Amino acid sequence: MADTHVLFVEDDDVIREATQLALERDGFVVTAVPDGLQGLERFRERRPDIALLDVMVPGLDGVSLCRRIRDESTVPVIMLSARADSIDVVLGLEAGADDYVTKPFDGAVLVARIRAVLRRFGHASGAAGASGGDEHGGIEGGGLLRFGDLEVDTEGMEVRKGGAPVALTPTEMRLLLEFSSAPGTVLSRDRLLERVWDYGWGGDTRVVDVHVQRLRGKIGQDRIETVRGFGYKLRG
(Lines give C-alpha, C1' and ligand atoms only; values in the text may rest on other atoms or scores of the structure.)
Protein backbone atom coordinates (compact mmCIF):
# COMPACT_ATOMS: atom_id res chain seq x y z
CA MET A 1 0.00 0.00 0.00
CA ALA A 2 3.04 2.27 -0.25
CA ASP A 3 2.24 5.68 -1.76
CA THR A 4 -1.50 4.97 -1.67
CA HIS A 5 -3.17 8.37 -1.48
CA VAL A 6 -6.10 8.73 0.92
CA LEU A 7 -8.46 11.72 0.95
CA PHE A 8 -9.85 12.08 4.48
CA VAL A 9 -12.74 14.49 5.14
CA GLU A 10 -13.49 14.94 8.85
CA ASP A 11 -14.48 18.07 10.76
CA ASP A 12 -13.43 16.88 14.24
CA ASP A 13 -9.86 18.14 14.68
CA VAL A 14 -8.83 15.42 17.14
CA ILE A 15 -10.21 12.54 15.04
CA ARG A 16 -8.81 14.01 11.83
CA GLU A 17 -5.28 14.51 13.18
CA ALA A 18 -5.11 11.21 15.07
CA THR A 19 -6.44 9.21 12.11
CA GLN A 20 -4.10 10.95 9.69
CA LEU A 21 -1.11 10.06 11.87
CA ALA A 22 -2.27 6.43 12.18
CA LEU A 23 -2.71 6.06 8.43
CA GLU A 24 0.64 7.69 7.70
CA ARG A 25 2.34 5.28 10.11
CA ASP A 26 0.92 2.46 7.98
CA GLY A 27 2.46 3.96 4.87
CA PHE A 28 -0.47 5.86 3.38
CA VAL A 29 -0.18 9.37 1.95
CA VAL A 30 -3.03 11.36 3.49
CA THR A 31 -4.74 14.59 2.47
CA ALA A 32 -6.99 15.59 5.40
CA VAL A 33 -9.51 18.43 5.21
CA PRO A 34 -12.27 19.62 7.60
CA ASP A 35 -15.21 20.18 5.24
CA GLY A 36 -16.87 18.81 2.13
CA LEU A 37 -16.18 21.71 -0.19
CA GLN A 38 -12.45 21.48 0.47
CA GLY A 39 -12.77 17.73 0.07
CA LEU A 40 -14.25 18.09 -3.42
CA GLU A 41 -11.57 20.59 -4.37
CA ARG A 42 -8.75 18.32 -3.15
CA PHE A 43 -10.32 15.33 -4.86
CA ARG A 44 -10.32 17.11 -8.20
CA GLU A 45 -6.78 18.41 -7.70
CA ARG A 46 -5.09 15.24 -6.48
CA ARG A 47 -7.24 12.29 -7.61
CA PRO A 48 -6.70 10.09 -4.53
CA ASP A 49 -6.78 6.29 -4.56
CA ILE A 50 -9.54 6.15 -1.94
CA ALA A 51 -11.77 8.63 -0.07
CA LEU A 52 -12.83 8.46 3.59
CA LEU A 53 -15.83 10.73 4.14
CA ASP A 54 -17.50 11.56 7.43
CA VAL A 55 -21.25 11.83 6.94
CA MET A 56 -21.71 15.01 9.00
CA VAL A 57 -19.22 17.58 7.73
CA PRO A 58 -19.92 21.26 7.02
CA GLY A 59 -20.03 22.98 3.64
CA LEU A 60 -20.99 19.88 1.66
CA ASP A 61 -22.09 16.88 3.71
CA GLY A 62 -20.44 13.52 3.20
CA VAL A 63 -23.37 11.94 1.34
CA SER A 64 -23.56 14.83 -1.13
CA LEU A 65 -19.78 14.76 -1.55
CA CYS A 66 -19.93 11.03 -2.27
CA ARG A 67 -22.51 11.67 -5.01
CA ARG A 68 -20.30 14.36 -6.56
CA ILE A 69 -17.29 12.04 -6.49
CA ARG A 70 -19.29 9.17 -7.97
CA ASP A 71 -20.47 11.44 -10.81
CA GLU A 72 -16.82 11.92 -11.80
CA SER A 73 -15.01 8.76 -10.74
CA THR A 74 -15.22 5.14 -9.64
CA VAL A 75 -12.59 5.70 -6.93
CA PRO A 76 -13.53 3.69 -3.81
CA VAL A 77 -15.36 5.56 -1.05
CA ILE A 78 -15.74 4.57 2.60
CA MET A 79 -18.27 6.50 4.68
CA LEU A 80 -17.69 7.21 8.38
CA SER A 81 -20.79 7.43 10.58
CA ALA A 82 -21.20 7.93 14.32
CA ARG A 83 -24.37 5.83 14.38
CA ALA A 84 -24.49 2.32 12.93
CA ASP A 85 -28.30 2.31 12.90
CA SER A 86 -28.57 5.71 11.25
CA ILE A 87 -30.31 6.26 7.94
CA ASP A 88 -27.09 8.07 7.04
CA VAL A 89 -25.44 4.70 6.46
CA VAL A 90 -28.01 3.65 3.88
CA LEU A 91 -27.99 7.09 2.27
CA GLY A 92 -24.22 6.94 1.93
CA LEU A 93 -24.33 3.51 0.32
CA GLU A 94 -27.12 4.59 -2.02
CA ALA A 95 -25.03 7.61 -2.99
CA GLY A 96 -22.32 5.26 -4.24
CA ALA A 97 -20.14 4.47 -1.21
CA ASP A 98 -18.53 1.03 -1.25
CA ASP A 99 -18.39 0.45 2.49
CA TYR A 100 -18.77 2.22 5.82
CA VAL A 101 -17.10 2.26 9.22
CA THR A 102 -18.83 3.24 12.46
CA LYS A 103 -17.22 5.79 14.78
CA PRO A 104 -15.51 5.54 17.16
CA PHE A 105 -13.27 3.12 15.29
CA ASP A 106 -9.99 1.39 16.04
CA GLY A 107 -7.19 2.48 13.75
CA ALA A 108 -6.28 -1.11 12.91
CA VAL A 109 -9.86 -1.87 11.90
CA LEU A 110 -9.99 1.17 9.63
CA VAL A 111 -6.69 0.22 7.98
CA ALA A 112 -7.96 -3.33 7.45
CA ARG A 113 -11.14 -2.05 5.78
CA ILE A 114 -9.16 0.33 3.56
CA ARG A 115 -6.85 -2.48 2.47
CA ALA A 116 -9.79 -4.79 1.81
CA VAL A 117 -11.46 -2.20 -0.43
CA LEU A 118 -8.22 -1.46 -2.28
CA ARG A 119 -7.62 -5.18 -2.86
CA ARG A 120 -11.13 -5.46 -4.21
CA PHE A 121 -10.63 -2.58 -6.62
CA GLY A 122 -7.21 -3.76 -7.70
CA HIS A 123 -8.39 -7.24 -8.55
CA ALA A 124 -11.91 -6.81 -9.92
CA SER A 125 -11.25 -9.36 -12.62
CA GLY A 126 -10.52 -12.03 -10.03
CA ALA A 127 -13.85 -11.75 -8.25
CA ALA A 128 -15.28 -14.86 -9.78
CA GLY A 129 -14.24 -17.42 -12.30
CA ALA A 130 -16.41 -17.79 -15.36
CA SER A 131 -17.97 -21.21 -15.21
CA GLY A 132 -19.71 -23.20 -17.86
CA GLY A 133 -23.20 -21.96 -18.68
CA ASP A 134 -26.37 -23.87 -17.87
CA GLU A 135 -29.98 -23.37 -18.78
CA HIS A 136 -29.98 -20.02 -16.99
CA GLY A 137 -27.23 -18.50 -19.11
CA GLY A 138 -24.21 -19.38 -21.20
CA ILE A 139 -20.73 -18.50 -22.31
CA GLU A 140 -20.68 -17.06 -25.81
CA GLY A 141 -16.90 -17.38 -26.10
CA GLY A 142 -13.93 -15.32 -24.97
CA GLY A 143 -15.37 -14.95 -21.47
CA LEU A 144 -18.66 -13.42 -22.65
CA LEU A 145 -21.62 -14.45 -20.52
CA ARG A 146 -25.16 -13.87 -21.73
CA PHE A 147 -28.31 -13.79 -19.62
CA GLY A 148 -31.18 -12.72 -21.83
CA ASP A 149 -30.36 -9.20 -23.02
CA LEU A 150 -27.60 -8.88 -20.42
CA GLU A 151 -24.00 -9.50 -21.57
CA VAL A 152 -21.09 -9.75 -19.13
CA ASP A 153 -17.57 -9.70 -20.56
CA THR A 154 -15.50 -11.27 -17.78
CA GLU A 155 -12.20 -10.56 -19.56
CA GLY A 156 -12.82 -7.01 -20.73
CA MET A 157 -14.75 -6.14 -17.55
CA GLU A 158 -17.61 -4.67 -19.58
CA VAL A 159 -21.38 -5.07 -19.29
CA ARG A 160 -24.06 -4.42 -21.88
CA LYS A 161 -27.82 -4.48 -21.63
CA GLY A 162 -29.74 -4.63 -24.88
CA GLY A 163 -26.48 -3.79 -26.64
CA ALA A 164 -25.96 -0.57 -24.66
CA PRO A 165 -22.99 -0.26 -22.29
CA VAL A 166 -23.72 -0.29 -18.56
CA ALA A 167 -21.43 1.73 -16.28
CA LEU A 168 -20.66 -0.16 -13.07
CA THR A 169 -18.37 0.67 -10.17
CA PRO A 170 -15.71 -1.97 -9.39
CA THR A 171 -17.76 -3.16 -6.40
CA GLU A 172 -20.88 -3.50 -8.54
CA MET A 173 -18.84 -5.35 -11.16
CA ARG A 174 -17.49 -7.81 -8.59
CA LEU A 175 -21.00 -8.38 -7.29
CA LEU A 176 -22.31 -9.09 -10.79
CA LEU A 177 -19.36 -11.41 -11.49
CA GLU A 178 -20.14 -13.35 -8.33
CA PHE A 179 -23.76 -13.78 -9.41
CA SER A 180 -22.71 -14.61 -12.99
CA SER A 181 -20.41 -17.39 -11.79
CA ALA A 182 -23.40 -19.28 -10.36
CA PRO A 183 -26.58 -18.30 -12.24
CA GLY A 184 -29.73 -19.69 -10.66
CA THR A 185 -27.90 -20.44 -7.41
CA VAL A 186 -28.98 -18.65 -4.24
CA LEU A 187 -26.08 -16.71 -2.72
CA SER A 188 -26.38 -15.73 0.92
CA ARG A 189 -25.57 -12.24 2.12
CA ASP A 190 -22.76 -13.64 4.27
CA ARG A 191 -21.18 -15.33 1.26
CA LEU A 192 -21.41 -12.14 -0.76
CA LEU A 193 -19.84 -10.14 2.08
CA GLU A 194 -16.95 -12.59 2.16
CA ARG A 195 -16.44 -12.95 -1.60
CA VAL A 196 -17.17 -9.41 -2.80
CA TRP A 197 -16.26 -7.25 0.22
CA ASP A 198 -13.46 -9.51 1.47
CA TYR A 199 -14.90 -9.64 4.96
CA GLY A 200 -13.27 -12.38 7.00
CA TRP A 201 -15.62 -11.47 9.84
CA GLY A 202 -19.29 -10.66 10.25
CA GLY A 203 -20.36 -7.53 8.40
CA ASP A 204 -23.46 -5.43 8.01
CA THR A 205 -25.72 -7.07 5.41
CA ARG A 206 -27.18 -3.67 4.53
CA VAL A 207 -24.04 -3.17 2.46
CA VAL A 208 -25.11 -6.12 0.30
CA ASP A 209 -28.76 -5.09 0.12
CA VAL A 210 -28.04 -1.54 -1.03
CA HIS A 211 -25.49 -2.66 -3.63
CA VAL A 212 -27.94 -5.24 -5.00
CA GLN A 213 -30.52 -2.46 -5.23
CA ARG A 214 -28.04 -0.25 -7.12
CA LEU A 215 -27.09 -3.11 -9.43
CA ARG A 216 -30.74 -3.88 -10.18
CA GLY A 217 -31.25 -0.28 -11.16
CA LYS A 218 -28.58 -0.69 -13.85
CA ILE A 219 -29.14 -4.21 -15.21
CA GLY A 220 -32.88 -4.61 -14.63
CA GLN A 221 -35.03 -4.90 -11.50
CA ASP A 222 -36.10 -8.49 -12.30
CA ARG A 223 -32.61 -9.77 -13.16
CA ILE A 224 -31.63 -10.45 -9.52
CA GLU A 225 -34.27 -12.27 -7.50
CA THR A 226 -34.64 -12.04 -3.74
CA VAL A 227 -35.07 -15.42 -2.06
CA ARG A 228 -36.56 -14.40 1.25
CA GLY A 229 -34.65 -15.67 4.25
CA PHE A 230 -31.75 -16.99 2.13
CA GLY A 231 -30.26 -14.35 -0.17
CA TYR A 232 -30.24 -13.50 -3.87
CA LYS A 233 -29.86 -15.26 -7.19
CA LEU A 234 -29.26 -14.20 -10.78
CA ARG A 235 -32.11 -15.07 -13.13
CA GLY A 236 -31.52 -16.08 -16.72
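The values are calculated or read from the model by the stated rules, or taken from the named source; none is laboratory data. Model, not experiment: these values are computed from the prediction. Here the Cβ positions follow ideal geometry from the backbone for every residue, glycine too, while neighbour counts run over all protein chains shown. For the accessible areas, the whole protein counts, side chains as well, though only heavy atoms, and no ligand, DNA or RNA atoms are used. Shrake-Rupley method; radii C 1.70, N 1.55, O 1.52, S 1.80 Å.
How much length, in nm to one decimal, is gained on full extension between THR226 and ARG119, taken as 0.36 nm per residue of separation minus their Cα-Cα distance? Working shown, then result.
Working: separation 107, 0.36 × 107 = 38.52 nm, distance 2.79 nm.
Result: 35.7 nm gained on full extension.
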Structure-derived Rg/Rh (Cα atoms, Kirkwood Rh): which label, when the choices are (i) 1.05; (ii) 0.99; (iii) 0.92 | (ii)
In straight Cα distance, which lysines are under 22 Å from LYS103, not counting same-chain residues fewer than 8 positions off?
-> none
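Rounded to the nearest 0.05, what FRET efficiency do VAL186 and ILE87 give with R0 = 45 Å and r taken as the Cβ-Cβ distance? Could you check? Mind showing how you got there, number by number?
Values: r = 28 Å, r/R0 = 0.63.
That pair, VAL186 with ILE87, gives E of 0.95.
Under 1.5 on a/c is rounded, so check that first for region 3-122, then, if it is not, pick prolate when a/b is larger than b/c and oblate when it is not; a ≥ b ≥ c are the square roots of the alpha carbon gyration tensor eigenvalues.
Details: a/c = 1.18, a/b = 1.10, b/c = 1.08.
In terms of gyration-tensor shape, rounded.
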Work out the FRET efficiency for LEU37 and ASP106 from their Cβ-Cβ distance, taking R0 = 25 Å, and round it to the nearest 0.05.
-> 0.30
Any aspartates and glutamates with Cα under 18 Å of the LYS218 Cα? List them, leaving off those in the same chain fewer than 8 positions away.
-> ASP71, GLU72, GLU94, ASP98, ASP149, GLU151, ASP153, GLU158, GLU172, GLU178, ASP209
Between rounded, prolate and oblate, where does region 142-232 land on the alpha carbon gyration tensor, with a ≥ b ≥ c its root eigenvalues, rounded for a/c under 1.5, else prolate if a/b exceeds b/c?
-> prolate
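How high is the relative contact order of the chain, given as a whole-number percent (alpha carbon pairs under 8 Å, six or more residues apart)?
On the way: 411 pairs, mean separation 31.9, N = 236.
So the answer I get is 14 percent.
Tell me, what % of the accessible area of the chain is carbon and sulfur with a 1.4 angstrom probe?
Working: 4960 of 10470 Å².
With neighbouring chains kept in place, the figure for the chain is 47 percent.
Where Lys and Arg each count +1 and Asp and Glu each count -1, what net charge lies around LEU234 among other residues with Cβ under 10 Å from its Cβ? Working shown, then result.
Working: positive: ARG223, LYS233, ARG235; negative: GLU178, GLU225.
Net charge in that neighbourhood comes out at +1.
Which value, in Å², gives the accessible area per residue of the chain when a 1.4 Å probe is used on the protein heavy atoms? Intermediate results must be reported in sequence, preceding the final value.
Numbers: 10470 Å² over 236 residues.
That works out to 44 Å² for each residue.
Add +1 for every Lys or Arg and -1 for every Asp or Glu among the other residues with Cβ under 14 Å from the Cβ of ALA22, and state the total. Before the final figure, lay out the partial values.
Working: positive: ARG16, ARG25, LYS103, ARG113, ARG115; negative: GLU10, GLU17, GLU24, ASP26, ASP106.
Surrounding charge for ALA22 is 0.
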Compute the distance in nm between two label points, each set 7 Å from the Cα along the Cα-to-Cβ direction, one at SER73 and one at THR205.
-> 3.4
Using a Gaussian network for the chain with springs between C-alpha atoms less than 10 Å apart, which of these wobbles most: ASP204, ASP88, ASP49?
-> ASP204
Any idea what the dipole of the chain comes to, in debye rounded to 20, about its Cα centre with Lys/Arg Cβ at +1 and Asp/Glu Cβ at -1?
-> 500
